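The values are calculated or read from the model by the stated rules, or taken from the named source; none is laboratory data. Only a predicted model underlies this, so the values are computations on that prediction, with no experimental measurement involved. Here Cβ is always computed from backbone atoms with ideal geometry, including for glycine, and neighbour counts include all displayed protein chains. What goes into the accessible areas is simple: the full protein's heavy atoms, side chains included, and nothing from ligands, DNA or RNA. Shrake-Rupley method; radii C 1.70, N 1.55, O 1.52, S 1.80 Å.
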Amino acid sequence: MVALARKMLLREWRRFLPAILTVCFAAMLLLVQAALVQGIFGSAAVYVTASAGNLWAGYPGTQSVSLGHPIGGDVATLMAMDPEVDAVDPLLFVDGYWRAKHGGDVEVYVSGVDLQGHGLVFHKLLTPALRQRLMEPGAVIVDRSDLDQLGAQVGSYGRIDGYPVHIVAAIAGLRALGGVNMITSWNTATGLDHTAGYTTYWVARIRDSGKAAQVAQRLNHHSDFGPYSVWTSSAFARRSQLYWLLDTGAGVAVLFLAAIVLLSGVVIASQALMAVVAGSAREFATLNALGVGVRALRWVVLELAAWVGGLGLLLGGGLSAGLLWLAHHNDVPVAMSPAVAVVCALSVMLLAVISGIAAMRALLRADPALLLR
Amino acid sequence: MSTTAPVFSLEADSISKSFESGAVSIQVLRRFSVSVRPAELTLVAGPSGCGKSTLLSILSGLQAADEGRVRALGQELSGENSRTLERFRLKHTGFVFQGFNLFSALTALEQVELPLGYMGLSRADIRQRARQALDEVGIGHRGSMRPAQLSGGEKQRVAIARALAKRPQLLFADEPTSALDAVSGQTVIDLLRRIAVDHGTTVLCVSHDPRLIQRADRVLAMEDGVINRDWRPGDTGSRPGMHSDDHTGALPFQGDRR
């Protein structure tokens, strides 16, 4: 069987270029948008994803990491008593306002980590050298992209709610959603907070990470340790991201934008495909006159659409990868999970197939009786 | 479909066809009857708008008549659905149009192979039939050329090979020479005649090319939806086999009336 669709595409690629570019841009818009959303809202869970703990204990009903309330120190004992738990570290989460040198307040989220502990919290961000520098009272570490917002540089001094602090380092990967993240020592954080004897979270590492859900469930069944809940780190990270995605309305906006991208993609790609099919209407009509069924001709159009979709996706995927690489190296928060990439790819292929189905209307012009003069 | 042994390979019995043009209805064929024999090149000639192309599209199963019956190879085509007609055309018919209608992306060989792929033939059969058909029309050596590299006459020969490779019992040609120069036109005429004689194919050709008249076995001259003359250029007299029941303003038939 002659591969008509493939040969048409190869020999007459210029005629298909508008459709391919449409699919390419739709793929780019979807992928880049998804990466930005994941990057931006992923930062809502940076405390969890940059830490090494498997379990997080916090106040019951906590929607997001940055919205935690104090829980008792007994919870740490409870967690440590579980035979699966290997290490437990605290995280004291404090809200405050940075007073910039040249005026204006910036909201900051200060994470106090126990420098004498097991190093679970911000394990992926804090090198031994950085931990050493946090030993200094009032030392804080910020994301390098937040320095401008703070009006500060590494080495700058400032105040958080009147408490003197000193920026000792600026790193990548600490960007916050709607404010500035700062890492400091437990001691400095307690100076900013007045709920003495409490912490915001207890982070635990377990011996067999595959048992995280089971251990979390087991630890949740004790009512004598005050109000608390235990989540697996993945569940808590997802909970935090979803909260911001839905609470800010960004989730609906993203879906709305994705729908517009797909719809406009279908309209433009189908028109471009229709033009191609209509341009070969006499040839298709001749095939039909020779007995090739309309159904078989529709398959050819659908195959053309699938090729256009595949090529557009390949091109759009490549360009998106380049753009995201560029964004990442310029501290723009972007991230892409395989599952989301697959959903985007399937959406783009669906766009192409729907365009192909719409383009089948052009076969109506391929009436063989019209070839007879 | 009922099947009987055909004496005539194509038969139209009292067919009528009209077209709407705005509020006006134009009657193209009215109670028209004709019978066509196999192994002959039958030419339908006449001025533009006389209904010859409409007749061709109805006899070939591309279009349905408003009324009347059409039998092709002993099979009743009238009233059949489009799927059945497609299957019939795939199995039994070939077409050659004035425009060559070749896919610009395909080579001559692929143009011929393309419809064969839908006939359930093996790859080897398809290739062999396609090469044989191209050889038969004299352009076997041009099989790897695309339409842009072929002359008008060569393109029409590819179109004929595309129809011929299906080994059809019925071959319909609509103005096959009108877009060609004198030499190419003559070649195409000779090919159509040879296909009829050598393969026993019923070749029904619509044209106003006078060169074709000399080479046709039988000529049906049409005007205003009726046949006003039916003759065999090679014979001294006219032959039976067709008539129109249209009595309104038609010129007298030279053939018998049923």
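Within segment A:272-295, does at least one residue satisfy the condition of being among the hydrophobic types (A, V, I, L, M, F, W, C), within 30 Å of A:ALA35 (Cβ to Cβ) and crowded, with 16+ Cβ neighbours inside 10 Å? Walk me through it before giving the result.
Going through segment A:272-295, the residues among the hydrophobic types (A, V, I, L, M, F, W, C) turn out to be A:272-278, A:281, A:284-285, A:287, A:289-290, A:292, A:294.
Keeping just the survivors that are within 30 Å of A:ALA35 (Cβ to Cβ) gives A:272-273.
Filter again for crowded, with 16+ Cβ neighbours inside 10 Å, leaving A:272-273.
The answer is yes, given that some residue of segment A:272-295 is among the hydrophobic types (A, V, I, L, M, F, W, C), within 30 Å of A:ALA35 (Cβ to Cβ) and crowded, with 16+ Cβ neighbours inside 10 Å.
Of the helices (runs of 4 or more DSSP H) lying entirely inside segment B:92-207, those containing at least 3 residues that are within 13 Å of another protein chain (Cβ to nearest Cβ) and out of contact with any strand residue (DSSP E or B) (no Cβ under 6 Å at 6 or more places or on another chain) are B:108-116, B:123-136, B:152-164.
Within the group A:LEU350, A:LEU364, A:LEU326, A:LEU346, which residue is in a helix (DSSP H, G or I), surrounded by fewer than 20 Cβ atoms within 10 Å (Cβ to Cβ) and within 14 Å of chain B (Cβ to nearest Cβ)?
The unique qualifying residue is A:LEU364.
In summary, helices (runs of 4 or more DSSP H) completely within segment A:29-135 and bearing 1 or more residues that are more than 19 Å from A:ALA237 (Cα to Cα) and open to solvent by less than 20 Å² (accessible area, probe 1.4 Å) occur at A:74-81, A:128-134. Checking each residue in segment B:59-76 for being without any contact (Cβ under 8 Å) to a residue 60 or more places away in the chain, under 21 Å from A:LEU287 (Cα atoms) and more than 9 Å from every other protein chain (Cβ to nearest Cβ) picks out B:GLY61, B:ALA64.
Within segment A:179-209, the set of residues being under 24 Å from the mean Cα position of the chain (by Cα) and open to solvent by 70 Å² or more (accessible area, probe 1.4 Å) comprises just one member, A:SER209.
When each of A:SER280, A:SER270 is tested for being under 30 Å from A:GLY312 (Cα atoms) and within 14 Å of another protein chain (Cβ to nearest Cβ), the lone residue that passes is A:SER280.
Does at least one position in segment B:35-53 carry a residue that is under 18 Å from A:ALA285 (Cα atoms) and within 12 Å of chain A (Cβ to nearest Cβ)? Yes, there is a match, as at least one residue in segment B:35-53 is under 18 Å from A:ALA285 (Cα atoms) and within 12 Å of chain A (Cβ to nearest Cβ).
Of the conditions (1) away from every other protein chain (no Cβ under 14 Å); (2) more than 25 Å from B:LEU62 (Cα to Cα), A:LEU302 satisfies every one except a single condition; which number is it? Unmet for A:LEU302, out of (1) away from every other protein chain (no Cβ under 14 Å); (2) more than 25 Å from B:LEU62 (Cα to Cα): (2).
Counting only strands (runs of 3 or more DSSP E) that sit wholly inside segment B:7-80, those with at least 2 residues that are of a type in the set (Ser, Thr, Tyr) and surrounded by fewer than 23 Cβ atoms within 10 Å (Cβ to Cβ) are B:10-21, B:24-36.
Of all residues in segment A:210-227, exactly one satisfies the criterion of being among the hydrophobic types (A, V, I, L, M, F, W, C), assigned to a helix (DSSP H, G or I) and open to solvent by 50 Å² or more (accessible area, probe 1.4 Å), namely A:ALA213.
Given the structure, is A:GLY151 over 20 Å from A:GLY191 (Cα atoms), surrounded by fewer than 18 Cβ atoms within 10 Å (Cβ to Cβ) and either basic (Lys, Arg) or in contact with a Gly (Cβ under 8 Å, 6 or more places away or on another chain) (or both)?
For A:GLY151, the condition - over 20 Å from A:GLY191 (Cα atoms), surrounded by fewer than 18 Cβ atoms within 10 Å (Cβ to Cβ) and either basic (Lys, Arg) or in contact with a Gly (Cβ under 8 Å, 6 or more places away or on another chain) (or both) - is met.
Checked against the criterion of being under 24 Å from the mean Cα position of the chain (by Cα), in a helix (DSSP H, G or I), in the same structural domain as A:ALA359 (by TED's automatic domain parsing) and buried (at least 19 other Cβ atoms within 10 Å of the Cβ), segment A:231-240 has no qualifying residue.
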